[in-house]
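Here's the structure we're looking at; comments come further down.
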Amino acid sequence: VIFDAPVDLVLIPSVQGELGILPNHIPLITKLNAGAITVRADNKDILIAVGGGFATMEPNNKLTILADSAVKAEDLSLKEAEAARVRAQEKMKQATTVTQREFQIAEFELRRAIVELQVARKHKGYPQS
């Protein structure tokens, strides 16, 4: 569990685009893209990098997000995320010497590293690239 408390707003990266969830939102289930989740509580934003997954909003005002990976922005390291991005790109360049499964894992790791870099930069006030 990354976050469990009452909130004012949650922005999620659904496959249809960014989706804002307010209290008393209609029930839904949606697939998530890799991206940033913004949780607004007490006029403060909490950023969370996710690697995809699913979100469900239940009639009792309970939003549940099941993510492939999730890390709060303050727990991210720009240096580690950049190193992960470089490792994944290098692995993908070896397309002829790795299995299809290894290539798919490298693709997932690359997407996750890029999202983590974006979230860490946004959290630390760096320009996005």
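The values are calculated or read from the model by the stated rules, or taken from the named source; none is laboratory data. In this text, all values refer to a predicted model and were calculated from it rather than measured experimentally. Reconstructed Cβ throughout: ideal geometry from the backbone, glycine too, with neighbour counts over all protein chains shown. Keep in mind that these areas ignore ligands, DNA and RNA; they rest on the heavy atoms of the full protein, side chains included. Shrake-Rupley method; radii C 1.70, N 1.55, O 1.52, S 1.80 Å.
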- Item | Single unsatisfied condition, E109 versus (1) open to solvent by 90 Å² or more (accessible area, probe 1.4 Å); (2) of a type in the set (D, E); (3) under 15 Å from the mean Cα position of the chain (by Cα) | (1)
- Task: Please work out which residue is surrounded by the fewest Cβ atoms within 10 Å (Cβ to Cβ), limiting yourself to region 70-80 and to residues that are closer than 26 Å to A5 by Cβ and touching a residue at least 24 places away in the same chain (Cβ under 8 Å).
- Result: E74
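Results for (1) open to solvent by less than 50 Å² (accessible area, probe 1.4 Å); (2) free of Cβ contacts under 8 Å to residues at least 60 places away in the same chain, shown as yes or no for each residue.
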position: L9; (1), (2): yes, yes
position: S14; (1), (2): yes, yes
position: I37; (1), (2): yes, yes
position: R40; (1), (2): no, yes
position: A49; (1), (2): yes, no
position: D68; (1), (2): no, yes
